[in-house]
Amino acid sequence: MANKAYNGVELTDELLDEMAAEYEQGDWSGHVGSRHAGRPRFGEEKLVPVTVKLAPSTRDGLDAAAKAAHQSRSAFIRATLEQAVQNFVDRAAVL
């Protein structure tokens with residue numbers, strides 16, 4: 001099985017040697033930057049896990065709503081909670 005780059009280019013030893021030589025000579029046109037393992041961040045803040053227990057029927061409803069919204073369960077929960085918190089803050093500001 002051949003190794004391939006994310007863009008589909010086959011990574012051969014010859015290609016890697018050529019790229020290394022270009023980099024060492026300062027002629028490499030590739031990207032040099034920081035690497036981040038895992039999924040990309042959502043905005044500037046680092047996300048923290050929060051665990052809750054739900055009744056199976058609530059979980060099933062949550063999954064159905066997320067699917068209808070074309071979102072993952074996590075994305076749907078984040079968006080719903082952010083909206084609920086913002087509504088609470090907005091109401092509290094009026095009082």
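What the table below lists for this structure:
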item	result
R0 of 22 Å, Cβ-Cβ distance Asn87-Ala55: FRET efficiency to nearest 0.05	0.40
Mean ellipticity per residue at 222 nm, deg cm²/dmol - from DSSP H runs of n ≥ 4 across the chain, formula -39500 (n - 2.57)	-17000 deg cm²/dmol
Order of Leu11, Leu95 under a 10 Å beta carbon neighbour criterion, fewest first	Leu95, Leu11
Amide proton proximity set for Trp28, modelled H, under 5 Å, gap of 5+	Tyr23
Inter-site label distance for Gln71 and Glu24 at 7 Å from Cα along Cβ, in nm	5.1
Options (1) 22, 15, 11; (2) 46, 20, 11; (3) 25, 15, 10 - which one matches semi-axes √(5λ) of the Cα gyration tensor in Å as calculated here	(2)
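Bear in mind that the values in this text are calculations on the coordinates, not laboratory data. This structure is a prediction, so every number in the text was calculated from the model and none was measured. Here the Cβ is made from the backbone with ideal geometry for all residues, glycine too, and neighbour counts use every protein chain on show.
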